[in-house]
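Take a look at the structure below.
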């Protein structure tokens, strides 16, 4: 199963690990697991991402050195290192890390998202896994490497967040087995839950208020849309990472099949987060915008601005939902 990974890791002695821009718990967890495995094998390892770890996830990386891409500093390292990309198979989502692909000795991906036909990257992709952290723990067990408590904690956080605390469709026996393994190595579920779910700033609560005040329903209340503009962040005193979990709120309504959160960024760019209850594959919706993700959780960047992005997105959602209603097909679109 892991022959491709073994061969890649055996071919090199120096590695740079990276993940998608705005790294989440799954990307960080997978990075830390593979960094630990490689160091145990006597390899040289550096973790370098396009952006810094957000404040609410810093507890996962305590005592770990994770740098931000600086090409003047890091280009010489790339010439003598292989690049291992974790939790994304799309170079578009690497942000500043995209330039590293051209300079590294070899590039290899380990991911659990569906591989896009347009992707130029290759490696090991298992879309049946609930998270890349799950795959990472399976590989650690395969190699016989035991993790320290800090690394196990990061992997557990990646597993629970990407599986929706063991509720999303890809949750399987594998998910629970790998989570249990992290507990054997020192992960503490209650403490991790408190850090992830009960450690927000007051600014994030005010941002939720702003998002809910923008809530509108579309397509017969099947789709709920919230919008956060730049002035909303200023008014709440919030930062971009404070949006965590806001998109999931409308899914509490029984009529809502899909939830959308549009976040305005600088220079007219917006980021869209999509969530569904599973009957609508939001990953396929996101692919219309060069994005991607899972059946129930996906996202994409857009340079069309808030209003035009919403117009195009609603058209895609309406077409998909109409196809479901017309055919009477239950399941994933």
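FYI, it's all coordinate maths here, none of it is from the lab. Predicted model only: the values in this text are computed from it and were never measured. Using ideal geometry, Cβ is built from the backbone for each residue, glycine included, and neighbour counts are taken over all protein chains shown.
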At residue 245 and residue 318, where each label point lies 7 Å from the Cα along Cα→Cβ, what is the point-to-point distance in nanometres? 3.4
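Sort 139, 52, 156 by Cβ crowding within 10 Å, fewest neighbours at the top. Please list the in-between numbers first.
Working: 139 21, 52 14, 156 27.
The order, fewest Cβ neighbours first, is 52, 139, 156.
For residue 146 and residue 72, calculate 0.36 nm times their separation in residues minus their Cα-Cα distance, and state this gained length in nm to one decimal.
Values: separation 74, 0.36 × 74 = 26.64 nm, distance 3.54 nm.
Using 0.36 nm per residue and subtracting the Cα-Cα distance, I get 23.1 nm.
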Taking only Cα atoms, what is the 0 to 90° angle, nearest 10, from helix 305-327's long axis to the longest principal axis of the chain? 80
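Could you give the length gained on full extension between residue 255 and residue 52, defined as 0.36 nm per residue of separation minus the Cα-Cα distance, in nm?
Details: separation 203, 0.36 × 203 = 73.08 nm, distance 3.78 nm.
So the extension gain works out to 69.3 nm.
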Label point 7 Å beyond Cα of residue 188 along Cβ direction - residues of the range 134-156 with amide nitrogen under 17 Å: 148-156
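Please compute the contact order of the range 202-327 in relative form: average sequence separation of alpha-carbon pairs under 8 Å and at least six residues apart, divided by the residue count, as a percent.
On the way: 226 pairs, mean separation 22.3, N = 126.
That works out to 18 percent.
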Could you work out the relative contact order of the chain? I mean the mean sequence separation of Cα pairs under 8 Å and 6+ apart, divided by the number of residues, in percent. 12
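Using the number of other C-beta atoms within 10 angstrom as an exposure proxy, rank 38, 207, 230, 314 with the fewest first. The partial results should precede the final answer.
On the way: 38 20, 207 26, 230 11, 314 15.
Ordered by Cβ neighbours within 10 Å, fewest first: 230, 314, 38, 207.
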Put in order of increasing Cβ neighbours within 10 Å, starting from the fewest, 306, 282 give 306, 282
Using only the Cα atoms of the range 186-280, build the gyration tensor, take square roots of its eigenvalues as a ≥ b ≥ c, and label the shape rounded, prolate or oblate: rounded if a/c is under 1.5, else prolate if a/b is larger than b/c, else oblate. oblate
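With both bridge residues required to lie in the chain, what share of the DSSP beta bridges run antiparallel, to the nearest 5%? Mind dumping the intermediate values first?
Values: 18 of 43 bridges.
About 40 percent, rounded to the nearest 5.
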For residue 167, project a label point 7 Å along Cα to C-beta. Then give me every residue of the range 260-292 with its amide nitrogen under 14 Å of that point. 275-278
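Is the range 1-150 rounded, prolate or oblate when judged by the Cα gyration tensor, a ≥ b ≥ c being the square roots of its eigenvalues, rounded requiring a/c under 1.5 and prolate requiring a/b larger than b/c?
Here the range 1-150 falls in the rounded category.
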Counting only C-alpha contacts under 8 Å and six or more residues apart, can you give the relative contact order of the range 3-197 as a whole percent? 24
Mean residue ellipticity at 222 nm from the helices of the chain, using -39,500 (n - 2.57) per DSSP H segment of n ≥ 4 over the full residue count, to the nearest 500 deg cm²/dmol? -12000 deg cm²/dmol
With the Cα gyration tensor of the range 118-204 giving a ≥ b ≥ c as the square roots of its eigenvalues, does the rule (a/c under 1.5 for rounded; else a/b larger than b/c for prolate; else oblate) give rounded, prolate or oblate? oblate
Compute the distance in nm between two label points, each set 7 Å from the Cα along the Cα-to-Cβ direction, one at residue 120 and one at residue 266. 2.7
So if I take the centroid of the Cα atoms in the range 251-330 and the same for the range 15-82, what is the distance between those two points in Å? 30
Give me the angle, in degrees from 0 to 90, between the Cα long axis of helix 25-40 and the longest principal axis of the Cα atoms of the chain, rounded to the nearest 10. 10
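Would you mind calculating the gained length between residue 288 and residue 308 on full extension (0.36 nm times residue separation, minus the Cα-Cα distance), in nm to one decimal? Could the numbers behind the result be given before it?
Values: separation 20, 0.36 × 20 = 7.20 nm, distance 1.41 nm.
Answer, rounded to one decimal: 5.8 nm.
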